[in-house]
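Heads up: the structure comes next, in structure tokens.
The values are calculated or read from the model by the stated rules, or taken from the named source; none is laboratory data. Only a predicted model underlies this, so the values are computations on that prediction, with no experimental measurement involved. All Cβ positions, even for glycine, are placed from backbone atoms using ideal geometry, and neighbour counts span all protein chains on display. Ligands, DNA and RNA are excluded from the accessible area calculation, which covers all protein heavy atoms including side chains. Shrake-Rupley method; radii C 1.70, N 1.55, O 1.52, S 1.80 Å.
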Amino acid sequence: MPRKLAAGNWKMNGLRADLTQLETLAARHSDASVDILICPPATLISQCKDLLFDIGGQDCHTLMAGAHTGDISAKMLADAGASHVITGHSERRMDHGETDAIVAAKSQAAHAAGLVAVICIGETRDQREAGTTLDVIDSQLAGSVPDGAGAYNTVIAYEPVWAIGTGKVPTLDQIRQVHGHIRARMRARFDDAAEMRILYGGSVKASNAADIFAVPDVDGALVGGASLTADDFSPIITALEAS
Ligand code: PGA
């Protein structure tokens with residue numbers, strides 16, 4: 001069984017004053033039995049690196065350096081103190097037109113810089129209603145997870161687009177089905193797929209975390225809104241430890 005992972009994605013939220021939330025969280029979970037990853041905005045990464053958590057970026061470029069105004073490379077994230085980077089979040093796929101090929105290239109860049117890529121996939125509401133969820137998952141996995149991925153450098157996050165920030169969550173059976181499917185697909189490609197963490201993301205909160213964490217092949221969560229304060233994120237970490 002892989003070691004569980006509680007990951008927080010702060011998105012475009014967080015000023016220096018909010019670092020007190022992380023200090024509080026660190027004090028409460030100094031002896032955590034699960035891994036804790038915080039992905040703050042890039043402006044805060046270097047100030048987070050002394051906390052006991054793993055720190056991640058939220059995106060990286062496909063290249064390590066060059067004339068790409070406003071972008072950030074995997075090497076820069078590593079240099080600032082990050083050990084992870086989220087790639088292919090649905091907000092990047094939608095807001096910035098990121099294709100599976102781009103996500104794969106970004107994940108490869110992450111690996112080349114020594115970062116763990118947290119590769120996000122998930123179906124839209126229309127795709128769920130059309131009954132094509134597993135097809136979408138298949139093509140996103142095939143297109144976004146590069147060769148050379150393994151449990152040591154890759155985490156998969158299943159995030160149904162319609163569940164992100166909406167308060168809507170799939171049924172536990174739907175989560176079980178997709179996570180089992182992802183595990184099987186990864187087993188077919190990678191020898192150490194049993195150890196690869198598969199996170200659920202989308203409206204995870206204290207009240208539903210324990211149920212979600214009891215689902216087979218759920219190795220943790222990628223949490224957005226409920227990772228912004230210590231009071232919201234702490235019970236999710238505790239639920240993961242108890243699972
Ligand atoms: P949410 O976001 O927890 O606010 O739904 C999850 C995510 O987008 O990673």
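Tabulated data
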{"item": "Subset of the stretch 19-41 (residues that are open to solvent by less than 60 Å² (accessible area, probe 1.4 Å) and more than 15 Å from PHE233 (Cα to Cα))", "result": "PRO41"}
{"item": "Search result, residues across the stretch 206-235 that are of a type in the set (Val, Ile, Thr) and either assigned to a helix (DSSP H, G or I) or at pLDDT below 95 (or both)", "result": "ILE212"}
{"item": "Members of the stretch 193-243 that are among the hydrophobic types (A, V, I, L, M, F, W, C), open to solvent by 50 Å² or more (accessible area, probe 1.4 Å) and within 15 Å of the ligand (Cβ to nearest atom)", "result": "ALA206, LEU228"}
{"item": "Identity of the residue in the stretch 182-192, in contact with a helix residue (DSSP H, G or I) (Cβ under 8 Å, 6 or more places away or on another chain) and open to solvent by 40 Å² or more (accessible area, probe 1.4 Å), that ends up nearest to ILE121 (Cα to Cα)", "result": "ARG185"}
{"item": "Verdict on ALA74 being touching a strand residue (DSSP E or B) at 6+ places or on another chain (Cβ under 8 Å), within 16 Å of VAL118 (Cα to Cα), touching a residue at least 40 places away in the same chain (Cβ under 8 Å) and aliphatic (A, V, I, L, M)", "result": "yes"}
{"item": "Which numbered condition VAL145 misses (of (1) among the hydrophobic types (A, V, I, L, M, F, W, C); (2) within 16 Å of the ligand (Cβ to nearest atom); (3) closer than 18 Å to ASP219 by Cβ)", "result": "(2)"}
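Conditions (1) surrounded by fewer than 13 Cβ atoms within 10 Å (Cβ to Cβ); (2) in a helix (DSSP H, G or I), marked per residue:
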{"residue": "ARG128", "(1), (2)": "no, yes"}
{"residue": "LEU134", "(1), (2)": "no, yes"}
{"residue": "ILE137", "(1), (2)": "no, yes"}
{"residue": "VAL155", "(1), (2)": "no, no"}
{"residue": "TRP162", "(1), (2)": "no, yes"}
{"residue": "GLY167", "(1), (2)": "yes, no"}
{"residue": "PRO170", "(1), (2)": "no, no"}
{"residue": "ASP173", "(1), (2)": "yes, yes"}
{"residue": "GLY180", "(1), (2)": "no, yes"}
